[in-house]
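This report refers to the structure that appears directly beneath it.
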Amino acid sequence: MAIIEAPRRESTTPITPRKAMATLFSFSKTNSSISSFSNQFAPPTPSHTFSESMMKENIENTESIIMKWDLRSNSKFTSLFQESRKDAKEFIKSVKELRRAMHFLISQHTISNKLVMAQNLMQIAMHQLEKEFYQILSANKEHLNPESISSRSSHLSRSLSSHLDDEDDVSSVNEMQVSSDSMSGVERLSTLAMSDLKLIADSMIRSGYGKECIEIYRNIRKSIVDEALYRLGLEHFTSSQIKRMNPEALGHHVSKWIDAAKIAVRTLFHGERFLCDRVFTANETIRESCFSGITREGATKLFRFPELVAKSQRWPEKIFQLMNLYEAISDIWPEIESIFTYESLSVVKLQAFSSLHKLGDSIQKILSEFESSIQKNSSRALVPGGAIHPLTNSVMNYVSLLANYSGVLSDIIADSVTTPHSPFPESYFHSPSLEENPTSAVSARLAWIILVLLCKLDSKAELYNNIALSYLFLANNLQFVVEEVRTTTLKFLLGDDWLSKLDRKVKLYAANYETLAWNKVFLCLPENLPQEMSPDAIKGYFRQFYSAFDEAYRRQASWVVLDPKLRDEIKVSIASKLVPAYQEFYDTYLAILSEERNLEVLVRFSPNNLGNYLSDLFHRTVVPEISSSSLSHVSRCLP
């Protein structure tokens, strides 16, 4: 049925037949169900005269029903829908009959008092329905709050799916819906309220009073949505306010926004869209106008916050707040697209997308700035004992945390990662190829950041005056990198092959350290023991060995290896070369010196004591003095 745009007049304003005709006739031209304009002026036929009589009779019949609820005759408003659902059914049916009679009279271009009467009755009826519409919306705020509707939307949708557009049948449908045993008391009230709202909205819109209906609905529902957003703790900040926030305050607001945004989209806006779609099923344009007017402002402000955060000052740790925001928007993006589908709400989706884009850009810049800060680190302070450099610790902690966001990072850097030119050999840089897994771009970027760190550690190692200590420093720090990768999510991103390559590097550095630190000691004993050797030559070898061992041992007294596994491997390797050689020399030639005076001074310790001294290395503890008193049992070992 076509919409009749009845004039917006108070029922107390008198309408003359000529004014009513002039107003209503203009709308009859747009009614596709009415005969063509030329036929409107055809001479009346007997059937037309009979139909006109019936329409006038319909007007008279509706008068008693509508006037019963005339607000002018009642000092206090009485809700028709709460008072009597049977009367409500008759009232809506009367409006429909009145509307049909008015259409007919207009189509006949008939100027009569009945048309004026019908118009006055329509205004009275619409005024009553306006009040009813307002009353239902106001009285059922709890039952129609978006959170409740959203949580029950699937059930309510099934309950309302059989709702008929025919105003005659709606009462019986309501009764059938709300009597369902599967529905709770709250669901029944919600379903009934939505059905009544839809019934009134359909009647008002078809009668040309859509504007009044929309205004009432939009004002009430917008206040509910705005209040709900406020209760979620969402605050509206300016760019300057965010720039002045310290990291802790910003982190607090970011966490609060993430929680609130998920609730706002998945319950508040989703529930409001559901309700709006159910109340205004008859007209998509009105649905769009209502939902857009209710949610556009709040939703746009909601999604502007992440963009403001992304555009504020950057520091390395802020990347995690930005990635949390990016992940939150990405998670609710499908709901954003499905809820804000109307063209008038494209500004909401554009704002959410803009925030997502700005967050991605800021994350990229922080990664580049972090990488640059590693390269520009110019500290020449030496780490005592070749221990873990603070830069190694901070970078690996940072990268391991980044690995926990591989899903977010893969979206951001997948299209921008290229393999950088490395100062190291190609074999030193390895990450899965782009075809191997979907997070390969993240793997490549994180592997590159680690490589930048290793390059910087190479330059830090050159600051040590002792080359052996430089290699121990590299072994320590590379082992720290390996363990950090092996025990975090980085292992799954970089892979076993990447770890194996670094493991071999650690072993190479440890071997270089061993050679440079202990080779002089190894060479103090003859490789092939001669059958005969003079006591003086034997004493010379012992003195040379003890001097070299004492020098190496004391030099390394403050050197450390923090990783227990690496520490044991290094000590075992040194002992496996040193102790057996000393044991053989000791066993072979000690008897020759048995007659020497002050033997404890010449042979300062046994092979077992040598192993004990080696076991005390790399703990950064006070290394015991090498003295003859600690080795007094040597004489007891003589044959």
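The values are calculated or read from the model by the stated rules, or taken from the named source; none is laboratory data. Since the structure is predicted, the reported quantities are computational estimates derived from the model, not experimental observations. Reconstructed Cβ throughout: ideal geometry from the backbone, glycine too, with neighbour counts over all protein chains shown. Just so you know, the surface numbers come from the protein's heavy atoms only, side chains and all, with ligands and any DNA or RNA stripped out. Shrake-Rupley method; radii C 1.70, N 1.55, O 1.52, S 1.80 Å.
Side notes on the structure shown:
- Some residue of region 294-303 being surrounded by 19 or more Cβ atoms within 10 Å (Cβ to Cβ), modelled with pLDDT under 95, within 17 Å of the chain's Cα centre (by Cα) and not aromatic (Phe, Trp, Tyr): no
Rundown of residues vs (1) open to solvent by 10 Å² or more (accessible area, probe 1.4 Å); (2) in a helix (DSSP H, G or I), yes/no style:
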residue	(1), (2)
Leu451	no, yes
Tyr464	yes, no
Leu469	yes, yes
Val481	no, yes
Glu484	yes, yes
Leu494	no, yes
Ala511	yes, yes
Asn519	yes, yes
Pro526	yes, no
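- Residue in region 245-261 that is free of Cβ contacts under 8 Å to residues at least 24 places away in the same chain, of a type in the set (D, E, K, R) and under 29 Å from Glu215 (Cβ atoms) present: no
- Criterion violated by Glu595 - all others in (1) without any contact (Cβ under 8 Å) to a residue 24 or more places away in the chain; (2) part of a helix (DSSP H, G or I); (3) open to solvent by 70 Å² or more (accessible area, probe 1.4 Å) satisfied: (2)
- Selected residue [within 19 Å of Val383 (Cα to Cα) and out of contact with any Cys (no Cβ under 9 Å at 6 or more places or on another chain)] from Leu494, Leu453, Leu502, Leu490: Leu453
- Applying the criterion of being surrounded by 21 or more Cβ atoms within 10 Å (Cβ to Cβ) and among the polar types (S, T, N, Q) to the residues of region 105-122, the residue that is modelled with the lowest pLDDT is Gln108.
One line per residue, one yes/no per condition, for (1) over 60 Å from the mean Cα position of the chain (by Cα); (2) over 30 Å from Asn393 (Cβ atoms); (3) at pLDDT 90 or above; (4) acidic (Asp, Glu):
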position	(1), (2), (3), (4)
Trp559	no, no, yes, no
Asp563	no, no, yes, yes
Glu569	no, no, yes, yes
Ser573	no, no, yes, no
Leu590	yes, yes, no, no
Leu599	yes, yes, no, no
Leu610	no, yes, no, no
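- Residue check: Pro384 meets all listed conditions (1) open to solvent by 50 Å² or more (accessible area, probe 1.4 Å); (2) at pLDDT 95 or above but one, namely (2).
- Residue among Ser547, Ser558, Ser500 that alone is open to solvent by 20 Å² or more (accessible area, probe 1.4 Å) and in a loop (DSSP other than H, G, I, E, B): Ser558
Yes/no matrix, rows are residues, columns are (1) buried (at least 19 other Cβ atoms within 10 Å of the Cβ); (2) assigned to a helix (DSSP H, G or I):
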{"site": "Ala228", "(1), (2)": "yes, yes"}
{"site": "Gly233", "(1), (2)": "no, no"}
{"site": "His236", "(1), (2)": "no, no"}
{"site": "Ser255", "(1), (2)": "no, yes"}
{"site": "Phe269", "(1), (2)": "yes, yes"}
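- In region 341-368, the residue that is most open to solvent (accessible area, probe 1.4 Å) out of those that are among the small types (Gly, Ala, Ser) and farther than 17 Å from Glu327 by Cα is Ser368.
- Criterion applied to Val225, Val186, Val173, Val254 was being touching a helix residue (DSSP H, G or I) at 6+ places or on another chain (Cβ under 8 Å), at pLDDT 95 or above and not small (Gly, Ala, Ser), and the one residue passing it is Val254.
- Within region 336-350, residues that are without any contact (Cβ under 8 Å) to a residue 24 or more places away in the chain and over 17 Å from Ala264 (Cα atoms) have Cβ atoms under 9 Å from residues that are hydrophobic (A, V, I, L, M, F, W, C) and assigned to a loop (DSSP other than H, G, I, E, B) in these pairs: Ser346/Phe340, counting only partners at least 6 apart in sequence or on another chain.
- Screening region 271-291 for residues that are assigned to a helix (DSSP H, G or I) and aromatic (Phe, Trp, Tyr) and picking the one that is nearest to Pro334 (Cα to Cα) gives Phe274.
- Any hit, region 520-530, residues being under 30 Å from Glu483 (Cα atoms), without any contact (Cβ under 8 Å) to a residue 60 or more places away in the chain and of a type outside the set (Lys, Arg): no
- Every condition in (1) modelled with pLDDT under 90; (2) open to solvent by 60 Å² or more (accessible area, probe 1.4 Å); (3) within 30 Å of Thr588 (Cβ to Cβ) is met by Met533 except one, and the failing one is (2).
- Annotation note: Cβ proximity below 6 Å between a residue of region 203-221 that is in contact (Cβ under 8 Å) with a residue 40 or more places away in the chain and at negative phi and a residue that is among the aromatic types (Phe, Trp, Tyr) and open to solvent by less than 10 Å² (accessible area, probe 1.4 Å) (sequence gap 6+ or interchain) occurs for Ile216/Phe133.
- Pick from region 308-320, criterion surrounded by fewer than 21 Cβ atoms within 10 Å (Cβ to Cβ) and assigned to a helix (DSSP H, G or I), ranking: nearest to the chain's Cα centre (by Cα): Phe320
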